[in-house]
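Encoded as structure tokens, here's the structure I'll be asking about.
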Amino acid sequence: MTHECSRAGCRREATQHIVWRNPRIHSADREKIWLACDEHAGFLHDYLAARDFPVTVREGLPS
């Protein structure tokens with residue numbers, strides 16, 4: 001099974017996951033995950049970080 005990048009319009013295979021949460025509505029133990037290809041991992045990270053969301057990029061895909 002292949003996983004596609006979460007960036008709008010991108011159909012590339014995801015190689016990383018972007019882990020984030022909105023602290024205004026999510027508790028500290030809640031994590032949301034967006035999948036990202038190598039090209040869009042930085043874009044998705046920066047998009048979330050600009051909104052002051054805690055965000056990390058992890059290599060590989062979630063199981």
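Which one of the conditions (1) surrounded by 14 or more Cβ atoms within 10 Å (Cβ to Cβ); (2) modelled with pLDDT of 95 or more does Gly42 fail to meet, given that it meets all the rest?
Only one criterion is unmet by Gly42, namely (1).
Still on this structure, I have one more. Are any residues in region 20-38 of a type outside the set (A, V, I, L, M, F, W, C) and more than 15 Å from Ser6 (Cα to Cα), and if so, which ones?
Quick first cut of region 20-38, residues of a type outside the set (A, V, I, L, M, F, W, C) only: 21-24, 26-27, 29-32, 38.
Matches in region 20-38: Arg21, Asn22, Pro23, Arg24, His26, Ser27, Asp29, Arg30, Glu31.
Next up: Do you know which residues across region 11-50 are under 15 Å from Leu61 (Cβ atoms) and hydrophobic (A, V, I, L, M, F, W, C)?
Of everything in region 11-50, those that are under 15 Å from Leu61 (Cβ atoms) and hydrophobic (A, V, I, L, M, F, W, C) turn out to be Ala14, Ile18, Val19, Ile33, Trp34, Leu35, Ala36, Cys37, Ala41, Leu44.
If you don't mind, another one. List the pairs whose first member sits in region 15-33 and is touching a residue at least 24 places away in the same chain (Cβ under 8 Å) and assigned to a loop (DSSP other than H, G, I, E, B), whose second member is of a type in the set (Val, Ile, Thr) and open to solvent by less than 50 Å² (accessible area, probe 1.4 Å), and whose Cβ atoms are under 6 Å apart, counting only residues at least 6 apart or on separate chains?
none
Identify all residues within region 10-37 that are farther than 18 Å from Leu48 by Cα and open to solvent by less than 90 Å² (accessible area, probe 1.4 Å); write none if there are none. Break it down stepwise before answering.
So the first thing to find is which residues in region 10-37 are farther than 18 Å from Leu48 by Cα, and the list is 11-13, 15.
The answer is Thr15, and nothing else.
State all residues of region 39-63 that are closer than 19 Å to Met1 by Cβ, touching a residue at least 12 places away in the same chain (Cβ under 8 Å) and either β-branched (Val, Ile, Thr) or in a loop (DSSP other than H, G, I, E, B) (or both); if no residue qualifies, say none.
Matches in region 39-63: Gly60, Leu61, Pro62.
Those residues that are in contact with a Ser or Thr (Cβ under 6 Å, 6 or more places away or on another chain) and of a type in the set (A, V, I, L, M, F, W, C), I need them from region 1-36; list them, please.
Within region 1-36, the subset in contact with a Ser or Thr (Cβ under 6 Å, 6 or more places away or on another chain) is 13, 19, 34-35.
Val19, Trp34, Leu35 - these are the residues of region 1-36 that are in contact with a Ser or Thr (Cβ under 6 Å, 6 or more places away or on another chain) and of a type in the set (A, V, I, L, M, F, W, C).
The values are calculated or read from the model by the stated rules, or taken from the named source; none is laboratory data. All values reported here derive from a predicted model rather than from experimental measurement. Don't worry about glycine lacking a Cβ; one is built from the backbone with ideal geometry, like all the others, and counts go over all protein chains shown. Please note that ligands, DNA and RNA were not included when accessible areas were found on the heavy atoms of the full protein model with its side chains. Shrake-Rupley method; radii C 1.70, N 1.55, O 1.52, S 1.80 Å.
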